[in-house]
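Peer 1: Would you mind keeping the following structure in view while I ask a few things?
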Amino acid sequence: MAGVNRQKIRSLNIGVQNSLIIGVIINSSNFKTFDGSQMKFNKTERGVWTFTLRDSEEDFINVTVWGSAQYVKKLYSTFHIGSIVEAVNGKVTSRGLNDKNEFFVPSATSQYNLSINENSALIQFHDAPDKEEYEKLLALPTRSIELSKELVEILNNIEDMRDQFVDVFVIVTFVSDGRDIITKDGRSLKCRSFEALDSSTEDTVALMLWEKEWVERAEFWEPKKTVLHLVDAKIAYDKYKNKIALSIARKTLITENPTVQRTAYLRKMLSNREKEILSTDPFAVPNPHTITNVMTIQEITSKLNTWSNSVDNRIQFAVILRAKITEMNTDTETANTFLIKCALCKKILNDKKDSCMNLECPCGNGSRIPLNTVILNIKLNLKDSTGYLIGCRLTGPAAERTLGCSATKFQAMTLPERESIKWTFLMDECEIRLHVIGPTSKFPHTLYNILSIERIRDMIDDKEFIMD
Ligand SMILES: [Zn+2]
């Protein structure tokens, strides 16, 4: 390209003109908008997006994109973690060490930040033979793994380590399904939890991902296989768990399956472990794609029966079951196929017009108008050659995915329309992914939560289609 000046992150300087930097995106934070009406010139809605760009084993820099919301959103949805890009004519600025923004971005090795401003700079894909060199950088730890702390040390000293940032090197043991939530100030967010451990302890730590890019990437994480190097994970008070815990912060950098020996070592350690590892939180819904364990209804029942002797330790496991659906309550008026919930605090309500009356919730204490959502709440009975499972539940996003339509759309259908959807599943051989949560002394029922349903007929059709 004429007139451009190819630069390495390491050689950047304030005032450099027409620079072109090539690198791989190793981290991407959520795109944000803000009100532009206070701006001097351009008063439309503004957007900002920060990502981290790496061009060598040692060097990476934080890049901030500024512009109209539309422009920034376009770039944010085009370039992802793993994209090899060229940043052209960005503005190099110094990092202020006491700048509070530093708290919310990864600790880059470069002493500068790069700004990409709409109209004066651009980002584009880099497509050249040297692309592979950059791809490799994605799986290299961003800091020496020797600096990682063992989980046992963190867990034993967690109170004293409050507000510190630590590096850990862990293997994933559980990945939850993605969740859409609405924050108290009304923004909708995607999140996903996962659990992990290292060789120092049998206790897993539960972590939450809030950045959309990582929530999506974690869809492909596999329990007992995916290894993560977390740099600058934060030890902080967690108001949901009501205790100090390890967490992923906006500063945290994640490297998936680092290309170092310790990765294979951790996998080997877990593959030798017989014990099944599932989430410690019975409310965490596993990602259906991570389930591999196939069982019959009889095997599920006997597993539950042998366990119920031991008291308050609630058993839970996730299985694939090949069965037929014999009943599904979707096509009668009295069937309670829908639940109404407060969108913010999730309290179940009787009527769509009700407020949740929860004084801790903005909708309940009157500081905002009630915001209720309708969710699907389907009860199913299953049958295989070994027995019956009665009263399985298919709710929320899993139900919408299965039926192929939203709760409100399904609610708007006539009963005969709903009945015909039901009959596309009934009495057909299906592969059902199921999360089984055993009873406790306080709650004497077993919960059979269905995570996904696929007709075996469709699965075979899909395969044939691929072979064609
Ligand atoms: Zn509420």
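The values are calculated or read from the model by the stated rules, or taken from the named source; none is laboratory data. Quick caveat, the model's predicted, so the values are computed rather than measured. Virtual Cβ from ideal backbone geometry, glycine too; neighbours counted across all protein chains shown. For accessibility, only protein heavy atoms count, side chains too; no ligands or nucleic acids. Shrake-Rupley method; radii C 1.70, N 1.55, O 1.52, S 1.80 Å.
Peer 1: From the phi of every residue in the stretch 53-64, what ³J(HN,Hα) in whole Hz does the Karplus formula 6.51 cos²θ - 1.76 cosθ + 1.60 yield, where θ is phi - 60° and glycine or proline is x?
Peer 2: With the stated coefficients, the stretch 53-64 comes to 10, 10, 10, 7, 4, 8, 10, 8, 9, 8, 10, 10 Hz.
Peer 1: Checking the a/c ratio against 1.5 first, then a/b against b/c, what shape does the Cα gyration tensor give for the chain?
Peer 2: The shape class here is prolate.
Peer 1: Would you list Y388, Y71 from the most to the least accessible area, probe 1.4 Å?
Peer 2: Ranking Y388, Y71 by accessible area, largest first, yields Y388, Y71.
Peer 1: Let me ask something else about it. Report the relative contact order of the stretch 145-271, percent, no decimals, based on alpha-carbon pairs under 8 angstrom and at least 6 residues apart.
Peer 2: 27 percent
Peer 1: Using the Karplus curve 6.51 cos²θ - 1.76 cosθ + 1.60 with θ = phi - 60°, what ³J(HN,Hα) values do you get for each residue of the stretch 413-423, in whole Hz, with x for Gly and Pro?
Peer 2: Each residue's phi maps through the Karplus curve to give 6, 6, 4, x, 5, 5, 4, 5, 5, 4, 6 Hz.
Peer 1: From a point 7 Å beyond the Cα of H289 in the direction of its Cβ, which residues of the stretch 423-456 have a backbone N at a distance under 20 Å?
Peer 2: Backbone N within reach: 431-435, 450-456.
Peer 1: Related question: For the chain, which cysteines have no disulfide-compatible partner, meaning no other cysteine Cβ under 4.7 Å?
Peer 2: Among the cysteines of the chain, those whose Cβ sits 4.7 Å or more from every other are C191, C363, C392, C405, C430.
Peer 1: Further question on the same structure: Using a 1.4 Å probe, how large is the accessible area of I158, given in Å² and rounded to the nearest 10?
Peer 2: Probe radius 1.4 Å; accessible area of I158 about 30 Å².
Peer 1: Considering only C-alpha atoms, what is the centroid distance from the stretch 46-79 to the stretch 339-380, in Å?
Peer 2: Measuring centre to centre over Cα atoms gives 37 Å.
Peer 1: Would you work out what percent of the accessible area of the chain, with all protein chains in place, is carbon or sulfur (probe 1.4 Å)?
Peer 2: With neighbouring chains kept in place, the figure for the chain is 51 percent.
Peer 1: Roll a 1.4 Å probe over the protein heavy atoms and report the accessible area of F79 in Å², nearest 10.
Peer 2: For F79, solvent-accessible area is about 10 Å².
Peer 1: Could you give the accessible area per residue of the stretch 145-271, probe 1.4 Å, as a whole number in Å²?
Peer 2: 48 Å²
Peer 1: In addition: Give me the number: length gained by fully extending V374 to T280, i.e. 0.36 nm times residue separation minus the C-alpha to C-alpha distance, one decimal in nm.
Peer 2: So the chain would gain 31.0 nm between V374 and T280.
Peer 1: Moving to a separate point now. Sequence gap at least 6, Cα distance under 8 Å: using those rules, report the relative contact order of the chain to the nearest whole percent.
Peer 2: The normalised contact order for the chain reaches 10 percent.
Peer 1: Calculate the FRET efficiency for E419 and F443 from the Cβ-Cβ distance with a Förster distance of 41 Å, rounded to the nearest 0.05.
Peer 2: Using R0 = 41 Å, I get an efficiency of 0.80.
Peer 1: Okay, moving on. Within 12 Å, Cβ to Cβ, of K32, how many net charges do the neighbouring residues add up to if Lys/Arg are +1 and Asp/Glu are -1?
Peer 2: Value of the local net charge: +2.
Peer 1: Another one. Mind checking the dipole of the chain: about its Cα centre, +1 per Lys or Arg Cβ, -1 per Asp or Glu Cβ, Debye to the nearest 20?
Peer 2: Dipole of the chain, to the nearest 20 debye: 1200 debye.
Peer 1: Let me ask something else about it. Got a number for the accessible area of L371? Probe 1.4 Å, square angstrom, nearest 10.
Peer 2: The accessible area comes out at roughly 60 Å².
Peer 1: Can you give me the long-range amide H partners of D428? Hydrogens built in the peptide plane at 1.01 Å from N, cutoff under 5 Å, separation of 5 or more residues or another chain.
Peer 2: Close amide H contacts, sequence-distant or interchain: I325.
Peer 1: Pulled fully out, how much extra length does the chain show between S144 and T326, if you take 0.36 nm times their separation in residues and subtract their Cα-Cα distance?
Peer 2: Answer, rounded to one decimal: 59.9 nm.
Peer 1: Something else now. Once the other residues with Cβ under 10 Å from the Cβ of I375 are scored (Lys, Arg +1; Asp, Glu -1), what is the net sum?
Peer 2: +1
Peer 1: Using Cα pairs under 8 angstrom and six or more residues apart, how large is the relative contact order of the stretch 5-137, in percent?
Peer 2: Across the stretch 5-137, relative contact order equals 28 percent.
Peer 1: Also, I was wondering about something else. Between S120 and M459, what length comes free when the chain is fully extended (0.36 nm per residue of separation minus the Cα-Cα distance, one decimal in nm)?
Peer 2: 117.0 nm
Peer 1: Given the rule -39500 (n - 2.57) for each run of at least 4 DSSP H residues, summed and divided by the residues of the chain, what is its mean residue ellipticity at 222 nm, to the nearest 500 deg cm²/dmol?
Peer 2: It lands at -5000 deg cm²/dmol.
Peer 1: Which of K239/K346; K346/K442; K212/K234; K32/K234; K8/K225; K190/K234 have a Cα-Cα distance over 24 Å?
Peer 2: The pairs that break the limit, which is 24 Å between Cα atoms, are K8/K225.
Peer 1: Along Cα→Cβ, 7 Å out, is where each label goes; now give me the distance between the ones at E135 and S56 in nm to one decimal.
Peer 2: Rounded to a tenth, the inter-label distance reads 2.3 nm.
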